[in-house]
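The values are calculated or read from the model by the stated rules, or taken from the named source; none is laboratory data. A quick note: this is a predicted structure, and the numbers were derived from the prediction, not measured. Methodologically, a virtual Cβ is constructed for each residue, glycine included, from the backbone with ideal geometry; neighbour enumeration extends over all protein chains shown.
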Amino acid sequence: MAAPLPKKCVELGFVENSEEFLLRSRFFPSKLGGRPAWLSLESIPTTEQLSCVECMKPTIFLLQVYSPCTLKLETFHRTLFIFVCSNPDCCKTNSNKNLHVFRSQLPRENKFYSSDPSPEIEVQNEVDASLFNKLCVVCGCLGLKTCSKCHNVNYCSKEHQTVHWKSGHKVGCNLSKEADVSTKEVKFDCLFPEMELVTEPENNESEKDCVEKTDEEKMKEYDEFLKKENVSQTCGEMSEAELQKMASKESENDKQLRRFKKRISQEPEQVLRYDKGGEPLWIASDPKPEVIPDCKCGAKRQFEFQVLPHLLSFMNVDKLGASIDWGTLCVYTCSENCSIGNTYSREYIFKQDVV
C-alpha cells in the first residue's frame, strides 16, 4: 500500500486476485487472509498475545496494511496486522475483545531484506519468518508445539494440530518431512481466502455529506414515529421530553447511517478507508470511543484506517444462523511511530456495530 498522499486525501482499499508469491514478506504486501507475511521476521507475536480474550483460542490472521512513513529512518517499512477470532460466539456487539492489531516497522537497511526492491520472480526458498522462528504449519504464527510422533511440524495450539491432522497429516505423520505433503503450502479452511489489497484515492465528489433535513422534515418524521401503534403502546407512560429524546437519538443514528451509505455508494466495492490523522467514517452516531488509549511510549494514538463491512463478503464466514460481523473496524496507532526495534507493538482497534 502506498504512503498517504501529501494533500488531504482518503485512500480506498479494494481486494484483487494476485500471484501468491507476490504476497510474501519480501514484497511488503497489503493483503487479506492466508498466512501473515510478517515484516520483522523475528520476535513475532506470541500465542498468548494472539489468543482471543473471549475464548482463549487462537485468532486468525485477517489482513495487513503496508503503510511506510518517510519521516523517520526506522519506519521506511511499516505494516499493521489485524487478527480476529473466527468463532461467531466471540463476536459481540461493539466489543473488540475478539480482535488484535499489531505494528511492525523497519529501516531500509535491516537484517532481513535487501535495500533494493526484490525482483518479481518466484523463488524456491522464500525469505520469511520460518528462518528465525518455529511457525505453525496451519496459520503461520509462532508455533512452539511439535508433533509428538514425527517431530517434523509445529503448531501454535491443539486446535490447529487437530486441523492439520484431519487435513492429511494423519496419513503423512510417519513419513519423512519431504514426503509428508501435508506440511507444504496447504490452503486450510480455517484461514480466510488470500487476496491482495490495492488502493486508489477517493473521488472528491464523495466527500459531500448527506443533505441535512429541514426542521419541517424532522417534525414530520417525529409525528410519524409517534403515530406508530407499537410506539404508542410501549411509550404510553413516557413523558413528551423522553419521547422527543428517543426520537432524536433514533434520527441521529439514521442520519449517520445514511451519510455512511451515501459516501460508500460512490465506490461500493471498497473494503478499507485509509486516512491517517483524519476521522473515521462512522456507520452509527453511537457508540464512539470516549478515550483512545495512549501508546505504551506515552504518545497519543491517532486514527489510521478503518475496515468496512463489505470485506466480510470475501471471507467465507457466513454460517447457518451465525457469523462474525462488524459495522466498521477503526485502527488507531502511535502518533510518534515510537521505536520498537524488530518487535511487534500492540495498537488499538475499535469495533462499531449498527444495533
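So the values come out like this:
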| item | result |
| --- | --- |
| Count of residues meeting criterion [buried (at least 21 other Cβ atoms within 10 Å of the Cβ), under 17 Å from GLY327 (Cα atoms) and of a type in the set (Val, Ile, Thr)] in the stretch 63-100 | 2 |
| Checklist (1) within 18 Å of the chain's Cα centre (by Cα); (2) on the phi < 0 side of the Ramachandran plot applied to GLY33, failing item | (2) |
| Extreme residue, nearest to TYR155 (Cα to Cα), among residues of the stretch 70-85 that are hydrophobic (A, V, I, L, M, F, W, C) and either at pLDDT below 95 or out of contact with any strand residue (DSSP E or B) (no Cβ under 8 Å at 6 or more places or on another chain) (or both) | LEU73 |
| Qualifying residue in the stretch 283-290 (condition: surrounded by 15 or more Cβ atoms within 10 Å (Cβ to Cβ) and over 25 Å from LYS255 (Cβ atoms)) | no |
| Test: residue in the stretch 155-177 that is closer than 30 Å to CYS295 by Cα and in contact with a strand residue (DSSP E or B) (Cβ under 9 Å, 6 or more places away or on another chain) | yes |
| Unmet requirement for ILE121, which otherwise passes all of (1) over 25 Å from the mean Cα position of the chain (by Cα); (2) not acidic (Asp, Glu); (3) not in a loop (DSSP other than H, G, I, E, B) | (3) |
| Residue in the stretch 142-150 that is small (Gly, Ala, Ser), over 15 Å from PRO36 (Cα atoms) and buried (at least 21 other Cβ atoms within 10 Å of the Cβ) present | no |
| Long-range neighbours under 7 Å by Cβ, at least six apart or interchain, first residue among the aromatic types (Phe, Trp, Tyr) within the stretch 13-25, second at pLDDT 95 or above | PHE14/VAL198; PHE14/GLU269; PHE14/GLN270; PHE14/VAL271 |
| Single residue of GLY140, GLY168 found to be on the phi > 0 side of the Ramachandran plot, modelled with pLDDT of 95 or more and assigned by TED's automatic domain parsing to the domain that holds PHE76 | GLY140 |
| Close pairs from the stretch 113-134: first under 15 Å from PHE27 (Cβ atoms), partner of a type in the set (Ser, Thr, Tyr) and at pLDDT 95 or above, Cβ under 8 Å, at least 6 apart | TYR113/SER25; GLU126/SER25; VAL127/SER25; VAL127/TYR113; ASP128/SER25; ALA129/SER25 |
| Selection within the stretch 270-280 - at negative phi and surrounded by fewer than 18 Cβ atoms within 10 Å (Cβ to Cβ) | LYS276, GLY278, GLU279 |
